[in-house]
Each structure stands twice: as C-alpha cells, then as structure tokens.
Amino acid sequence: MASAEAHLEVEALPPISEGDMNEIRAALEKGDLRAAATKAQEILANEEQIQLHIAVTGESGSGKSSFINAMRGLQDHEEGAAEIGVMETTMECSPYPHPQDSHVTFWDLPGIGTPDFTPDTYLKEVQFDRYDFFIIISSSRFTYNDATLAEEIQARGKHFYFVRSKVDQDMSNERRLYDEEGVLKAKGKQATEIRPQRYDEMALLASIRQDCERNLARLGIRSPQVFLVCRDDFSMKYDGPRLLQTFLDDLPSEKKLSFLRPLAITSKEVLRQKKKELMKYVWLKSLTSCGASAVPIPGLSTSVDIAILVTSLKEYCRTFGLAEESLQKLAEQVNKPVEELKAVIKTPLDHEITKDVVIKLLTKSIGSAVQYPLLVLKVIPVVGWVIGSLASAAISFPSTFFLLRNFLSDAAADAERVLQKALEGTTQKSHLWS
Ligand SMILES: Nc1nc2c(ncn2[C@@H]2O[C@H](COP(=O)(O)OP(=O)(O)O)[C@@H](O)[C@H]2O)c(=O)[nH]1
Ligand SMILES: [Mg+2]
C-alpha cells in the first residue's frame, strides 16, 4: 500500500466554483455520469480559454522590450522577439503573445511621457480594463509619474509591480572600483557603508533596492516593494525568482495554471507549482474521460475516452518541457548535446504519446485502482461520489485518475532530472539546487 499512498498526498481543493461542484455532485447522485462528465468537460474547456494580459510600462529605454523578451524566454535576436533599443514615438500598445502559449500576452506600453499627460488619461488610452496586472519598469529612480500611475492602478483594484531593470550594469560599474581580489581600489578614499572595503554583491543589491524604495516612499507610495532584475538569466538571478513567485501568489486561483503553463522551468519551485496546479485538475479530466465518449477497451474491463487521456498526457509533457522543441532549445542554451538531456528522461515525450502508450499505462493503473479503491475514496471525496453512485465508473474513474496522477508525478521527476543535467557544471547550479 505504501507506494499508492505516497502518490496520494493531500489533495488540493479543485479550483472550481461551489455552484459547479454542486452541479457535478447532483448529477452523480442521480446516477447521471454523462451530465457530470459534460459539466467537467465544460469547466476544463473554460480553463483552457483563460487569457492573461500583462502590461509592461515605463519610459522609453527603461528596458520594457528586453523584459518582455526575457519573460517569454526569447533572446532579442530570435523570431517574434520585441525589438529593443527603439525610441517610442506613438501611444501604441504592442501585444506579444508567449511563443509557447498564446493565452498569455505581454503588452509593451509606452511610458506616460509628457508631464501634462495624467495617469488617468493614460490608463484610458492604454485600455486599463484589458490587463490582469501592471509592471512599471525603470532603469534608474522611479519618477513622480511612475508613483501616481501606481496609485491610480491600485485605486482601480489591480496589482502593480515596480521593477528596477539593468541591475547587471550597476553591478559591473561598481565592480570596476574593486581590484581582482575584490578590494576597494580607490586610493585615499574611505570605505563607506554602501561602498565597503570588500566587494559585496548582496549589500550592493540591498542598497539599490533600498534607494528605490525610499524614493518611492517619498513620492507617497506606502510600503513600496521593488524587484531588481536583469534581462539575462532573468528568472534565475537577483529578484527575478521572487518576482515570478509574487505574480503567482497574487493571481486568482483560476488563473494560476494559465500563468504557469508556458513558464520556463528555471527552479525547483516553478516545477513544484506547475505540478501542484495540474494535480488540481486531474479528477476533472478523469471524470471527463468516463463520460459520453467512453468506449470499452478490448481486453480491459473498463470503458474510457482514450483521446482525452492522450491530450492530457501531451499537455503534461509540454508543461514540463518534455517536448522535442523545448529540449532542443534548452540544450542549445546550456551548450550540451540534446541526447545528454534526453538520457535522463523515463516517460515518453510529447510526440511519443499515442493511444497504445495510454492503453499500456491504463493496464498498469487498473491494478492500483482495483487494489486501492478505498484509499482513493478516503482522500478524494468526489471519487467516492462517482464510485458510490455508478457501478459503470467504479473501475474506469480510479484507473484514469491513477494514470494521470502517476504520469504527472513521473513527468515532473523527469523535468527535475533534465534541469539538473542541464545545469551540471554551470554557475547557476548552486543558486537553483542548494
Ligand atoms: N545591461 C543591460 N542592458 C539592458 C537591460 N535591459 C535592457 N537593456 C538595454 O537597454 C536598451 C533599451 O532597452 P529596451 O528593452 O529597448 O527598452 P524600452 O525602450 O523600454 O523597450 C537596449 O539597448 C537594451 O539592450 C538589462 O537588463 N541589462
Ligand atoms: Mg521598447
């Protein structure tokens, strides 16, 4: 029993409304599996349609386009990347969909510009309502315009984030004042609190952050929070990881998966969150697969809709970067042969998932479903409703449930090994895996 139990860690609440949940429950209690599965399918289809629009604003030259490219995992020269170093002359907002998932779009907004252009008119002009949240970028100190814009966004009930860009430049400018051993070069000058005798990157970062935050506080922002980033290794360096985590924490639960799906896996934490969010939808997928299009599987005492399972497993692979194209890209980034990364993968890749592969996995998971139905029942009440009311789904529901959960766990474990392999021997390793 131990191995099945290990897979059934505490089940997170499904991110659906109480009304939807009651509808599914009522259908199951009436023994109407078809209605319950149709509802589950509708909920999943709605989730897949969720759009996320992220606004990035700041003065021309502050690094907006570079930030957008970094968030989309694109190098500035790659196809579809936002052009950098271009002086803005219009009030146009340019959309940049994520290359891996067009449901997530970054919008390159022009800076407020002239002093007589108020945040109020600016937000009207850029269509405030369109965006889920705002990122206000500056490569130096934030201005009065930045602060009033933030207040206006907050007053209208949305989140904003202050991002201080080009921190790598500050680092290298400061580093020049120190010798190779990291000792202050400046002759005759006393070391100060912000410029200590020994070069100290953490202290330098803290002082830039503090300076920006004090400045914003003077401009009237209460408890300002500033994130320091640079476009290279954006999601791994400085405040990049904390910024991504903050976006995720602030998003409403039904939007978290949309944000996470195309996010590059650059840390164990991103991986953990992806797995956690995908897990929440497993029971809905299982229910859907037992619905109207379920057909008996020859040789197995069960009826399921295999196509739904194929689509789900492919989605898991893509979300965890277990697809030919993303592996190729990662291999290029870390300058390693793609075969080296593939060698640590145990599950099939996105393009290898076929009906036959799924039937094989299903055969295995039926074993668990037959052996542990009570365990599943105890952990996930909804499984109990299905099994309790519908003899026809007594095997197919827990079988698909185990299949999806186990594959999800295995794919996440593969993704972790791939990243570990990718980072082997690089300087990022200790930062990510310590
Ligand atoms: N060193 C460094 N340069 C950056 C960074 N972000 C942007 N830049 C440079 O700053 C200039 C303006 O960047 P861009 O993204 O076009 O700014 P935008 O006008 O706000 O869209 C370009 O020359 C970029 O290469 C960064 O994080 N580090
Ligand atoms: Mg630009």
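Here are some notes:
- Put in order of Cβ neighbour count within 10 Å, fewest first, the listed residues Ile68, Ile265, Ile84 become Ile84, Ile265, Ile68.
- Highest average first, the peptides 142-152, 40-50 ordered by how many other beta carbon atoms sit within 10 Å of their residues are 142-152, 40-50.
- By DSSP, the beta bridges lying fully in the chain are antiparallel in about 30 percent of cases.
- Summing charges over neighbours of Glu269, with a neighbour being any other residue whose Cβ is under 13 Å away from its Cβ, gives +3 when K and R count +1 and D and E count -1.
- For Ile308, Ile297, order by how many other beta-carbon atoms lie within 10 Å, fewest first: Ile297, Ile308
- Trypsin sites (Lys or Arg not before Pro) lying in DSSP loop within region 255-362, provided at most 10 other Cβ fall within 10 Å: Lys346
- Most to least packed among 127-138, 208-219, 86-97 [average Cβ atoms within 10 Å]: 127-138, 208-219, 86-97
- The simple Förster model, with R0 at 41 Å and r as the Cβ-Cβ distance, assigns Asp250 and Lys30 a FRET efficiency of 0.55.
- Placing +1 on each Lys and Arg Cβ and -1 on each Asp and Glu Cβ, with no other charges, gives region 113-155 a dipole about its Cα centre of roughly 140 debye.
- The Cα-based radius of gyration of the chain, divided by its Kirkwood radius, gives an Rg/Rh of 1.04.
- Relative contact order (percent, whole number), the chain, Cα cutoff 8 Å, 6+ residue spacing: 17
- Violating pairs (Cα-Cα greater than 24 angstrom) within the set Lys275/Lys336; Lys255/Lys280; Lys314/Lys421; Lys158/Lys329; Lys124/Lys256: Lys275/Lys336; Lys158/Lys329; Lys124/Lys256
- The angle between the Cα long axis of helix 324-334 and the main principal axis of the chain comes to about 30°, on a 0 to 90 degree scale.
- Projected label distance in nm at Glu47 and Val310, using a 7 Å step from Cα toward the beta-carbon: 2.2
- Shape class for region 159-267: oblate, because the ratio a/c of the largest to smallest gyration tensor axis (alpha-carbon atoms, square roots of eigenvalues) is 1.5 or more and b/c is at least a/b.
- Placing +1 on the Cβ of every Lys and Arg and -1 on the Cβ of every Asp and Glu, with nothing else charged, gives the chain a dipole about its Cα centre of roughly 1020 debye.
- Dipole of the chain, positive end: most advanced residue of Ser303, Gly63, Gly73 [Cβ charges, Cα centre]: Ser303
- About its Cα centre, region 144-191 has a charge dipole of approximately 80 debye under the convention of +1 per Lys or Arg Cβ and -1 per Asp or Glu Cβ, with nothing else charged.
- Distance (nanometres) between label positions extended 7 Å along Cα→Cβ at Glu125 and Ala206: 4.1
- Gaussian network model of the chain, springs between alpha carbon atoms under 10 Å - residue of Glu193, Glu315, Glu59 with greatest fluctuation: Glu193
FYI, it's all coordinate maths here, none of it is from the lab. Quick caveat, the model's predicted, so the values are computed rather than measured. No Cβ is skipped: glycine too gets one built from the backbone with ideal geometry, and neighbour counts run over all protein chains shown.
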